[in-house]
Amino acid sequence: MKQRDHYRQILRLVSRIGRLTNPQHLPVLKQMRIPLTQFLVLDALSDAGGPLRMTELANAAGLSPSELTRVATDLESREWVERGADPADSRVRLVKTTPAGALLIHEVHSQATAELRGVWSDFTHDEWHGFIDYLQRFEQGLCRVRAKGEQSAPSRQRNTTG
């Protein structure tokens, strides 16, 4: 198999895994009618472990700044996030999860983990850790390549409508 065929195969697998692990099918998100964009913002805040600037959060969630503003407004109205001024720079807006938002994202992660237990049961301990290591290296490589691409084309915006 040629190298470019390997790349295509990896891309197809990652895409399929992304669709299969998409949190939108989880009961808690369906029951509460939480759109994917709202989940992405809450998940990014959870990963950060604390408040983020709006620009940092937009990048972490993969949203445009204007889309993040709309999503943050919706999340704030549901009392899952709070926005406020940065104490170090009052011109900057920070977003943080509320206790209700943190509880929601915990529930989503718990449901996703429970669903994946059946998959992980087929892996040995070493395979499981090796898989995690490979995925982390793959993610780091994607971040590095994307960061280089953004530096060379600063005006490009990610299309989130598709």
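The values are calculated or read from the model by the stated rules, or taken from the named source; none is laboratory data. Since the model is a prediction, treat every value here as computed from it, not as a measurement. Using ideal geometry, Cβ is built from the backbone for each residue, glycine included, and neighbour counts are taken over all protein chains shown. Only protein heavy atoms, including side chains, enter the accessible area calculation; ligands, DNA and RNA are left aside. Shrake-Rupley method; radii C 1.70, N 1.55, O 1.52, S 1.80 Å.
Taking the residues in segment 52-66 that are open to solvent by 30 Å² or more (accessible area, probe 1.4 Å) and more than 10 Å from Leu40 (Cα to Cα) as candidates, determine which candidate is farthest from the chain's Cα centre (by Cα).
The selected residue is Ser66.
Spot the failing condition for Arg19; the list is (1) exposed (fewer than 11 other Cβ atoms within 10 Å of the Cβ); (2) in a helix (DSSP H, G or I); (3) over 15 Å from the mean Cα position of the chain (by Cα), and only one is missed.
That leaves (3) as the condition not met.
Mind checking which residues of segment 31-46 are surrounded by 11 or more Cβ atoms within 10 Å (Cβ to Cβ) and in a helix (DSSP H, G or I)?
Residues satisfying the conditions are Leu36, Thr37, Gln38, Phe39, Leu40, Val41, Leu42, Asp43, Ala44, Leu45, Ser46.
Of all the residues that make up segment 67-80, how many are small (Gly, Ala, Ser) and open to solvent by 30 Å² or more (accessible area, probe 1.4 Å)?
The total comes to 1.
Filter segment 96-114 down to residues that are closer than 16 Å to Leu26 by Cα and surrounded by 14 or more Cβ atoms within 10 Å (Cβ to Cβ), then give me how many there are.
Qualifying residue count, segment 96-114: 7.
Test Leu11 against the criterion of being surrounded by 15 or more Cβ atoms within 10 Å (Cβ to Cβ) and either under 30 Å from Phe138 (Cβ atoms) or in contact with a helix residue (DSSP H, G or I) (Cβ under 6 Å, 6 or more places away or on another chain) (or both), and give yes or no.
No.
If I ask for residues that are modelled with pLDDT of 95 or more and not in a strand (DSSP E or B), which ones from segment 79-95 would you list?
Correct list: Glu79, Trp80.
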